[in-house]
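Engineer: Structure in structure tokens, see below.
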Amino acid sequence: MVSCILGVLGGSTFALPVVTHLSDARPVQSLDAAYQRLSAAYQELDSSAAITVYTPDALYLQPDEQLVQGRAGIQEAFERLFDWAEAKDLELRLTFEIMERDVERDLAYDVGLYTLARLREGDELGSIRGKFVLISRRQEDGSWLFHVDGFSRSPK
């Protein structure tokens, strides 16, 4: 299963995969929905939307930064990134490749790769790839929220 967001290139609309599953990483639609919402928040540069995929007491482990706990601190990290992108007149596109996934009752973990592309007027200016580990918790309504988000850039 591949989840998609829509992009525009030269006036033509095309689908970009947001989440792909490699090897034995089985798709879980309700869990993949959190990735889709985070990717959409990047596309809209919306920090308020980005934090809705995190538990209230989530842990956010950015490279070369202090550990952040809670939505308020995580939102500040997204605001810095999105403000930078807006100041540079950039669009951001975030995609994920899930290499390993395990789901046990109300906890899940994913290990994978991400790509963060920078675009201007639909033209890609560059991208970075990195690794991530996410631990998610199933909520009472059956949705999933990220509880631990750790990531780093891949070597060039």
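Every number in this text was worked out from the coordinates using simple rules, so none of it is lab data. A quick note: this is a predicted structure, and the numbers were derived from the prediction, not measured. Glycine also receives a Cβ, built like all others from the backbone with ideal geometry; neighbour counts cover every protein chain displayed.
Engineer: Whole-Hz ³J(HN,Hα) for each residue in the range 127-137, computed from phi via Karplus 6.51 cos²θ - 1.76 cosθ + 1.60 with θ = phi - 60°, x for glycine and proline: what do you get?
Structural biologist: Each residue of the range 127-137 in turn: 8, 10, 10, x, 10, 8, 10, 10, 10, 10, 10 Hz.
Engineer: OK, next. Taking one equal scatterer on every alpha-carbon of the range 6-135, how large is log10 of I(q)/I(0) by Debye at q = 0.15, 0.18 1/Å?
Structural biologist: Ignoring solvent entirely, the Cα scatterers give -0.77, -1.11.
Engineer: Treating only the Cβ atoms of Lys and Arg (+1) and Asp and Glu (-1) as charged, compute the dipole magnitude of the range 15-82 about its Cα centre; round to the nearest 20 debye. Walk me through the intermediate numbers first.
Structural biologist: Working: 4 positive and 9 negative charges, 38 e Å.
Computed about the Cα centre, the dipole is about 180 debye.
Engineer: Continuing with the same structure: Restricting attention to the range 17-116, which GluC sites (Glu not before Pro) occupy a DSSP loop and are surrounded by at most 11 other Cβ atoms within 10 Å?
Structural biologist: Passing sites in the range 17-116 are GLU65.
Engineer: While we're looking at this one, here's another question. What trypsin sites (Lys or Arg not before Pro) in the range 81-145 are in a loop by DSSP, with at most 15 other Cβ atoms within 10 Å of the Cβ? Write out the running numbers ahead of the final one.
Structural biologist: Working: sites: LYS88, ARG93, ARG101, ARG105, ARG118, ARG120, ARG129, LYS131, ARG137, ARG138; in loops: LYS88, ARG105.
Qualifying residues, ordered by number: LYS88, ARG105.
Engineer: Moving on to the next point. Given Cβ point charges of +1 (Lys, Arg) and -1 (Asp, Glu) and nothing else, what value in debye, to the nearest 20, does the dipole of the chain about its Cα centre take? Can you show the working numbers first?
Structural biologist: Details: 16 positive and 25 negative charges, 68 e Å.
Around 320 debye, computed over the chain.
Engineer: I've got another one for you. Run the numbers for ILE135 and TRP84: contour at 0.36 nm per residue of separation, minus the present Cα-Cα distance, in nm. Mind showing how you got there, number by number?
Structural biologist: Values: separation 51, 0.36 × 51 = 18.36 nm, distance 2.75 nm.
Full extension of this stretch gives 15.6 nm more.
Engineer: Tell me, what HN-Hα J-couplings in whole Hz come from the Karplus equation 6.51 cos²θ - 1.76 cosθ + 1.60 at θ = phi - 60° for each residue of the range 44-56, using x for Gly and Pro?
Structural biologist: 8, 6, 10, 5, 5, 6, 4, 6, 5, 8, 10, 5, x
Engineer: For ASP32, ASP24, ASP110, ASP102, what's the fewest-to-most ordering of other Cβ within 10 Å of each Cβ?
Structural biologist: On the way: ASP32 21, ASP24 9, ASP110 25, ASP102 12.
Arranged by neighbour count, lowest to highest, ASP32, ASP24, ASP110, ASP102 become ASP24, ASP102, ASP32, ASP110.
Engineer: Let me ask you something else. For the range 9-156, what is the relative contact order in percent, using Cα pairs closer than 8 Å and at least 6 residues apart in sequence?
Structural biologist: On the way: 290 pairs, mean separation 37.0, N = 148.
Computed value for the range 9-156: 25 percent relative contact order.
Engineer: Using θ = phi - 60° and the Karplus form 6.51 cos²θ - 1.76 cosθ + 1.60, what ³J(HN,Hα) does each residue of the range 104-111 get, whole Hz, x for Gly and Pro?
Structural biologist: Here the 3J(HN,Hα) series is 10, 6, 9, 10, 9, 10, 10, 10 Hz.
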